Each structure stands twice: as C-alpha cells, then as structure tokens.
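The values are calculated or read from the model by the stated rules, or taken from the named source; none is laboratory data. Every value quoted in this text rests on a predicted model; they were computed, and no experiment measured them. For the accessible areas, the whole protein counts, side chains as well, though only heavy atoms, and no ligand, DNA or RNA atoms are used. Shrake-Rupley method; radii C 1.70, N 1.55, O 1.52, S 1.80 Å.
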Amino acid sequence: MFRQKFILILVACIALIALIQNGPTFLENRKLDRYLADDGFHAYAYDQFDESSFALFTNEDETLVGLAEMSGDGYGAATVETLEATPFDYIEFEHEDTYYWGVRLNNNPQNVASLRIIGERMQGEHVLNRPEEDAFSKYHILKLHNVPQEDWTIQTLDQNGQVIDSIDL
C-alpha cells in the first residue's frame with residue numbers, strides 16, 4: 001500500500017514538473033492555433049524560438065503555406081502561394097535581424113536528411129530528418145541568422161550528403 005502511494009506521488013511530481021516546464025509553450029501553441037483556425041487555416045508544426053511561438057500552416061486546399069509568430073509583441077503571419085510539382089515549398093518570415101523559414105517537403109520526405117542554403121557569401125546546412133532512425137517529418141521551421149541577399153540555392157540532401165533536389169532563387 002505504501003509503495004503504491006509513493007509511486008502515485010512520484011508520478012504526480014513528475015507530471016507537475018513537466019506541466020511547469022511545458023505549460024506556457026503548450027498554451028501559446030493553443031492560442032496560436034486558435035488564431036489560425038479562426039481564419040480557416042490548419043497548422044502543420046509548431047516550434048519555439050527565443051520567446052516566440054511559431055506555426056507552419058496551410059489553407060484547406062493547401063494552395064497556401066504560411067508561417068505565423070506569436071510573442072509578447074503580438075501576432076504576425078506571412079503566406080505564399082504554393083506551386084504544383086515543386087520538391088518543397090517554403091515561406092520566410094523576418095523579425096528584426098533574424099529570418100525564420102517554414103519548409104514543407106513534397107518529394108519523399110523520408111529520404112531528406114538536411115536542407116542546404118547556398119548564397120554568394122554564405123552557406124548553411126540544417127538537419128531536418130534522421131532517415132537512419134526511420135523518423136521523419138515533412139514540416140520544419142528553421143531559424144536563420146544569415147540569409148543571402150542576392151542569388152541563392154536551396155538543396156535537400158540525403159543522409160549521405162548527396163543532393164536530392166535543388167532550387168535556384
């Protein structure tokens with residue numbers, strides 16, 4: 001009997017700690033989801049950067065992809081029309097000197113391990129999935145500190161670093 005009470009108290013303490021640590025994030029995501037749903041959008045993915053909640057979202061027929069931010073400063077969103085038959089769709093959202101990107105992988109997301117951004121004076125690579133673990137997502141939100149100002153290329157790579165798809169912008 002004592003053992004069951006001890007286990008129950010231990011589980012309750014762990015749940016309380018998890019709620020305290022993740023409660024504000026959960027509530028912010030629900031609030032952001034409510035804003036999006038009120039406008040007829042559906043969120044794919046949520047992420048936290050700094051003190052802001054971000055959501056990658058789409059409309060009902062998936063002809064738009066968007067990125068929304070909710071912070072203490074308020075709510076903001078950007079959308080872009082998607083094109084048919086592209087290997088991936090992306091949306092950028094600028095806040096001060098930081099860029100946030102939402103990426104929806106359209107072609108074989110289970111094979112995509114990373115995304116490479118190549119610009120005139122910069123190159124960055126972001127891990128998206130870990131195909132060797134059989135875990136993948138086709139929706140990602142990235143935080144970028146440097147974004148090319150002129151011509152640039154976005155590439156998806158497999159787990160061996162080989163280019164799967166490439167788009168020049």
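Heads up, I need the accessible area for H145: 1.4 angstrom probe, whole protein in place, Å², nearest 10.
120
Leaving out ligands and nucleic acids, and using a 1.4 Å probe, what accessible area per residue does region 101-165 come to in Å²?
So region 101-165 comes to 55 Å² accessible per residue, rounded to a whole number.
In whole percent, and with a 1.4 Å probe on the protein chains, what portion of the accessible area of region 54-147 is carbon and sulfur?
40
Any chance you could list P(r) for region 39-169, counting all Cα-Cα pairs in 5 angstrom bins from zero, rounded to whole %?
2, 10, 20, 22, 21, 16, 7, 1, 0
Mind grabbing the base-10 log of I(q)/I(0) for region 95-147 at q = 0.13 Å⁻¹? Debye formula, identical points on the C-alpha positions, no solvent, two decimal places.
Rounded to two decimals, the profile gives -0.35.
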